[in-house]
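Novice: There's a structure below that I have some questions on.
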Amino acid sequence: MTEPRKPKLRPMQGFPPSVQLIGIGWYVAICIILGVVGGVFLDRAVDTKPLFTMLGLMLGMVMAFWGGYLQLKEVLTTIGSGKRGEKQ
Amino acid sequence: MVALLAIGDEGLRFIAASLAIGLGALGPGLAIGNLVGRAMEALGRNPEAQPVIQTNMILGIAFAEAIAIYALVTAIMIGFVF
Amino acid sequence: MTRRAIIVGALLFTAISIVLSFAVVKPAKPIIEIRGEPLVKISGDGGGIFDVVILNTLFTAWAVMAIVLVFWLLVARRRSLVPSGLYNLGEAVIDLIDGFCASIAGERNGRRFLPLVATLFIYIAFANWLSLTPVFNSVGFFEPLGAEEHEFHEDATVFKGDGISIISFGAQDIEIEGAACETLTGEEAVHCRETAIEHATEGKVKEGEKVGLLVPYLRGINTDLMTPASFAIVSVLLIQYWGITSLGFFRYASKFINFKGPLDFFVGFLESIAELAKLISFSFRLFGNLLAGEILLLVMTFLVPLVSVVMVIFYGLELFVGAIQAFVFGALTLVFASLAVSHHGPEEHEQAEPEASAHH
């Protein structure tokens, strides 16, 4: 790869993998809940009953799983490099 | 007789559902245990044939478990539908 | 942190969560519906046989089909900006299934059976695993409890009236004794159910609250008997088709209707019964496993709600069972198909061999 453009945000870098996994769980749940709540509010405003709810649900689900997958890759590489470095 | 009358409809339904799944799971339990035991024996005797033995064992387990699932579906239907 | 401090902290957290879940956050009991619930009622109300409704399992089937199609279209586009990781994944999966088909059915027949077996395996596995994601069975619309036949349920929950209807803390479960009203019909039944509902909800429903239940938009597709039954019908019909095109109609029919002697006739009759039993066993195996798994997960999650450690074990079981049932469906279809195209009996082998090379 070429040189990195900007350093990646790693807010949970210092924590052990178990704590990082708690973060992924809360992230998935909050993404889905925000997607659904946003969808329901849009439905209230425009009065189309299930459409925006389902779109919000789908959007929330996609964001949740994509972000969860990226965080999980992070956690797995942490565990992998830890195992190769020292016996944990 | 008086005891049976005192149980009532709902009680008999619970007894029926429990008996359906309880007795229905005896046969498949024995069958799956027997099957996996023989598979382990064959595997110990011939470890090179492991994929073939494992695949056929899973198929056999699915057949035997289907009987238990029939009993489970009957119990669920008695409990929730009838 | 010492190890002892971590263990004590975990036990304390568990104890506090158990107390909180029983005293403060009293969640409602999950209401288990065996049949799929209608989302859009095109004609009729979902009770009769000829009513045209869109069930939530049908809507979920469309969503799962869309997801599977998008995923495999992304896999198949190898000459574009899509990274090559997905293509390797797709190739590995199809290669695995192809090797499995060839090992059981032989080279030629394996390639012929590959599309159906791969579709069954991939679609059922995707559907079973997707039904374990958080969006399934949790988001839906509120269906109020009524006195008509199709609106009446034995269990219901009390929802807050306005805002987003969520099942709030301390929500009441309501159980209605509807058993006495089942023998009546028409107006009397409606009246009987109304009195039963009033009797069950007096004092429990405050101002601005509604009684009803949650109809989820997304529900696992194999929890409705129609989906596994349709898979079973497709599998059995295609097995018959392959048998007929491989062996010819009369030779294939002679497996079932055989007038050579009384014993052969009886064996043929049993074979035809076994073919019908395949329909039932295919559909009920998948349906029973998935429905029981969904009920188990719901009950275990709401058993001690904030401490879902026990639920994690059953979640792992459901992951495993979902994958195994998909594999078993595909593998059994393959095995029955390879049995159907095979010439049975050693006495036919001399005539069968030269004909086998001429066929196809």
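The values are calculated or read from the model by the stated rules, or taken from the named source; none is laboratory data. Values in this document were obtained by computation on a predicted structure and should not be read as measured data. Here the Cβ positions follow ideal geometry from the backbone for every residue, glycine too, while neighbour counts run over all protein chains shown.
Novice: Working only within the range C:4-21, note down all residues that are touching a residue at least 24 places away in the same chain (Cβ under 8 Å) and surrounded by fewer than 17 Cβ atoms within 10 Å (Cβ to Cβ). So that I can check it myself, show each step before the final result.
Specialist: We begin by selecting, within the range C:4-21, every residue touching a residue at least 24 places away in the same chain (Cβ under 8 Å); these are C:14, C:17-18, C:20-21.
The answer is C:14, C:18, C:20.
Novice: Given the criterion assigned to a helix (DSSP H, G or I) and under 23 Å from residue C:126 (Cβ atoms), identify the matching residue among C:263, C:218, C:238.
Specialist: Among C:263, C:218, C:238, only C:238 is assigned to a helix (DSSP H, G or I) and under 23 Å from residue C:126 (Cβ atoms).
Novice: Further, regarding this structure: Which residues, taken from the range A:26-44, are over 11 Å from residue C:135 (Cα atoms) and facing another protein chain (nearest Cβ under 7 Å)?
Specialist: Those that are over 11 Å from residue C:135 (Cα atoms) and facing another protein chain (nearest Cβ under 7 Å): A:37, A:40.
Novice: On to the next question. Regarding the range C:86-94, can at least one residue be identified that is surrounded by 15 or more Cβ atoms within 10 Å (Cβ to Cβ), of a type in the set (A, V, I, L, M, F, W, C) and at pLDDT 85 or above?
Specialist: Yes; the residues of the range C:86-94 include at least one that is surrounded by 15 or more Cβ atoms within 10 Å (Cβ to Cβ), of a type in the set (A, V, I, L, M, F, W, C) and at pLDDT 85 or above.
Novice: Let me ask something else. Let me confirm something: among B:75, B:71, B:42, B:16, which residue is in contact (Cβ under 8 Å) with a residue 40 or more places away in the chain, more than 19 Å from residue C:280 (Cβ to Cβ) and surrounded by 14 or more Cβ atoms within 10 Å (Cβ to Cβ)?
Specialist: Working: B:75 fails: more than 19 Å from residue C:280 (Cβ to Cβ); B:71 fails: more than 19 Å from residue C:280 (Cβ to Cβ); B:42 fails: in contact (Cβ under 8 Å) with a residue 40 or more places away in the chain.
Sole residue among the options that is in contact (Cβ under 8 Å) with a residue 40 or more places away in the chain, more than 19 Å from residue C:280 (Cβ to Cβ) and surrounded by 14 or more Cβ atoms within 10 Å (Cβ to Cβ): B:16.
Novice: Further question on the same structure: Test residue B:4 against the criterion of being modelled with pLDDT of 90 or more, more than 14 Å from chain C (Cβ to nearest Cβ) and surrounded by fewer than 17 Cβ atoms within 10 Å (Cβ to Cβ), and give yes or no. Walk me through how you get there before you give the answer.
Specialist: Working: modelled with pLDDT of 90 or more: no; more than 14 Å from chain C (Cβ to nearest Cβ): yes; surrounded by fewer than 17 Cβ atoms within 10 Å (Cβ to Cβ): yes.
No; evaluated as a whole, the condition is false for this residue.
Novice: Same structure, new question: Test each condition in (1) part of a helix (DSSP H, G or I); (2) surrounded by fewer than 16 Cβ atoms within 10 Å (Cβ to Cβ) for residue C:207 and report the one that comes out false.
Specialist: Of everything listed in (1) part of a helix (DSSP H, G or I); (2) surrounded by fewer than 16 Cβ atoms within 10 Å (Cβ to Cβ), residue C:207 misses just condition (1).
Novice: Let me ask another. Among the residues of the range C:225-247, write down those that are buried (at least 19 other Cβ atoms within 10 Å of the Cβ), among the aromatic types (Phe, Trp, Tyr) and over 15 Å from residue C:284 (Cα atoms).
Specialist: If the condition is that a residue be buried (at least 19 other Cβ atoms within 10 Å of the Cβ), among the aromatic types (Phe, Trp, Tyr) and over 15 Å from residue C:284 (Cα atoms), then C:242 is the only one that fits.
Novice: Can you tell me which condition residue A:47 does not meet? The list is (1) surrounded by fewer than 10 Cβ atoms within 10 Å (Cβ to Cβ); (2) within 12 Å of chain C (Cβ to nearest Cβ); (3) among the acidic types (Asp, Glu), and all the others hold.
Specialist: Among (1) surrounded by fewer than 10 Cβ atoms within 10 Å (Cβ to Cβ); (2) within 12 Å of chain C (Cβ to nearest Cβ); (3) among the acidic types (Asp, Glu), the lone unmet condition for residue A:47 is (2).
Novice: May I ask you to say which residue of C:109, C:128, C:137 is surrounded by 19 or more Cβ atoms within 10 Å (Cβ to Cβ) and at pLDDT 90 or above? Quick ask: steps written out before the conclusion?
Specialist: Numbers: C:109 fails: at pLDDT 90 or above; C:137 fails: at pLDDT 90 or above.
That would be C:128, the only listed residue that is surrounded by 19 or more Cβ atoms within 10 Å (Cβ to Cβ) and at pLDDT 90 or above.
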